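Working notes, structure below.
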Amino acid sequence: MNTFVPKRAFFEPKALEYPLGKEIYERLQAMNVPIKFTGSHNRVTGIPGTTPQEAFREAKRTMVVGVRKSTEFATCKPSAHYQLPLNTSCPSMCEYCYLATTLGKKPYLRVYVNTENIFAQAQRYIDERAPEITWFEGAATSDPIPTEYLTGILYKTIEFFGRQEFGRFRFVTKHDQVDTLLSAKHNGHTRFRFSLNAAAIIAKYEHITPSMQDRVIAAGKVASAGYPLGFIIAPVFYFPGWQDEYENLFATLQERLPVEARKNLTFELISHRFTKRAKNNILDLFPETTLPMEESERKFKYGQFGYGKYIYQPEVMKEIKETLEIKLSRTFPEAKIEYFV
Ligand code: SF4
């Protein structure tokens, strides 16, 4: 995947009162990115697109730079205590992106420049719970890597948590541009996770993302830089030849990961599921999709927020779970499988 270059940018005027806002402004100007101003990062008008597909594509090339006003962080159970609000969205176009249902029709990329206020709030949450450890998730509403070369926000965040005795950070990415983060003083306090899938699934459904091989190479670099490493294998699909495809993924990991990365390694395994709403969104944006979303083949499961999801039938779930657990325990006996859902 090529480096993300916005087609247009919008700034809240207040963003230029922050050094980071000015830096981003100058960088984008030097790249000849057309820049306009907007009253609010929450209500950006002026992104073109007459069909849902066009509006979606244009939004994915639009960067909005703003100041985060709310000081409260959303909770992020069960994986962390809080979401760390650094940015939203991502330029890639995975057909099953979990953000498609939460960010609306125009999921433009948003970054916040008042990082010091955000860190101060994180510090308050950490102090409230100390000496308990407080975990923050940095990818609840975004993939934070593609804009990192323009903002440096993730680097600063990793170093902030590197200095925390009782605060920890985790995020996940499908991207491979990790070089600028390798020198950050993380102090082992950031778990750097990659979202992976079988190569055939990535090629088919994860548009404008790096290949499985490239992500694994990036994971190797991150592990060599001493970061605790994790993988989310998601969504796992059940299709003819699925076992070989996932076997191949684990073999690639086995080949590429440095030995020292294997001790403190985590895996999160998520089988494919969809809600009615997600299915409708996906069909709007990718009318030709071949994603398996036939309700009659699935089991309906009520969710905790009043909406239900379609998951694989129990016997399929059992087969996926057992197969992946066996394969992983053979390949990475020291790794921890955090959960399978
Ligand atoms: S990389 Fe992640 S955030 Fe970006 S489109 Fe794909 S699933 Fe969504």
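The values are calculated or read from the model by the stated rules, or taken from the named source; none is laboratory data. Nothing here was measured: the structure is a model prediction, and the numbers come from that model. Using ideal geometry, Cβ is built from the backbone for each residue, glycine included, and neighbour counts are taken over all protein chains shown. Remember, those area values only see protein heavy atoms, side chains included, never the ligands or the DNA or RNA. Shrake-Rupley method; radii C 1.70, N 1.55, O 1.52, S 1.80 Å.
Just a few scattered comments:
- Directionally averaged shadow of the chain, computed from the convex hull of its alpha-carbon atoms, nm²: 17.2
- Unpaired cysteine residues in the chain (no second Cys Cβ under 4.7 Å): CYS76, CYS90.
- Accessible area, probe 1.4 Å, largest first, for residues ASP179, ASP143: ASP179, ASP143
- Here the Gaussian network model covers the chain, with springs between Cα atoms less than 10 Å apart; of LYS77, LYS60, LYS263, LYS77 fluctuates the most.
- Label-point separation in nm, PHE166 to ASP244, each point 7 Å along Cα→Cβ: 5.4
- Cut-off 19 Å (backbone N to label point 7 Å along Cα→Cβ of THR101), residues of region 249-284: 269-284
- Out-of-range pairs (alpha-carbon distance over 31 Å; input LYS174/LYS309; LYS221/LYS299; LYS185/LYS336; LYS60/LYS327; LYS36/LYS156): LYS221/LYS299; LYS60/LYS327
- Extension gain, ARG61-ILE35: 0.36 nm per intervening residue step, less the Cα-Cα distance, totals 8.1 nm.
- The figure for VAL236 is an accessible area of roughly 0 square angstrom, using a 1.4 Å probe on the protein chains alone.
- Between the amide H of THR38 and those of PHE11, GLU12, distances stay under 5 Å, these residues lying 5 or more places away or on another chain, with hydrogens modeled in the peptide plane.
- Note on the chain: GNM, Cα springs under 10 Å; of SER224, SER70, SER183, the largest mean-square fluctuation is that of SER70.
- Region 280-341 and region 139-175 have Cα centres separated by 27 Å.
- Rounded to 0.05, the FRET efficiency of the LYS14 and GLN213 pair, given R0 = 41 Å and the Cβ-Cβ distance, is 0.45.
- Within a Gaussian network of the chain (alpha carbon springs, distance under 10 Å), most fluctuating of GLY167, GLY188, GLY49: GLY49
- Between the C-alpha center of region 66-92 and that of region 184-237 there is a gap of 21 Å.
- Computed E for GLU260/LYS299 - FRET, C-beta separation, R0 51 angstrom, nearest 0.05: 0.80
- Restriction of the trypsin sites (Lys or Arg not before Pro) in region 165-229 to DSSP coil positions whose beta-carbon has at most 16 other beta-carbons within 10 angstrom yields LYS185.
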